[in-house]
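Notes to accompany the following structure.
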Ligand code: FES
């Protein structure tokens with residue numbers, strides 16, 4: 001299970017990738033079909049360049065899902081949220 005208080009950074013190589021947007025996958029950041037039965041669909045990302053590191057949103061607060069936009073930082077200072085600030 002991923003830490004919901006920080007993004008998941010992975011390296012993607014050239015090709016087409018299905019990125020989870022529902023938060024239910026067991027193979028983050030990739031879609032594993034767990035969105036079935038919901039209205040959500042994976043984000044299809046095409047990478048044409050050399051392998052690159054990408055920060056994927058795991059907190060579901062990003063305004064740019066599936067990419068991280070830093071919104072997870074608001075969880076670090078809100079004691080009502082279960083997420084913890086990374087060590
Ligand atoms: S498993 Fe989350 S979008 Fe497919």
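The values are calculated or read from the model by the stated rules, or taken from the named source; none is laboratory data. Here the structure is a predicted model, which means the values were calculated and not measured. Neighbour counts run over all protein chains shown; Cβ positions are idealised from the backbone, glycine included.
Here are the numbers:
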quantity	calculated
Selected residue (criterion: nearest to the ligand (Cβ to nearest atom)) from residues of the stretch 49-64 that are in a loop (DSSP other than H, G, I, E, B) and surrounded by fewer than 16 Cβ atoms within 10 Å (Cβ to Cβ)	60
For residue 2: the one exception among (1) buried (at least 16 other Cβ atoms within 10 Å of the Cβ); (2) at pLDDT below 90	(1)
Qualifying residue in the stretch 43-52 (condition: under 14 Å from the mean Cα position of the chain (by Cα) and modelled with pLDDT of 90 or more)	yes
Residue count, the stretch 35-48 (criterion: in a loop (DSSP other than H, G, I, E, B) and more than 9 Å from the ligand (Cβ to nearest atom))	3
Filtered residues of the stretch 1-34 (kept if within 11 Å of the ligand (Cβ to nearest atom), under 30 Å from residue 77 (Cα atoms) and out of contact with any strand residue (DSSP E or B) (no Cβ under 7 Å at 6 or more places or on another chain))	22, 23, 24, 25, 26, 27
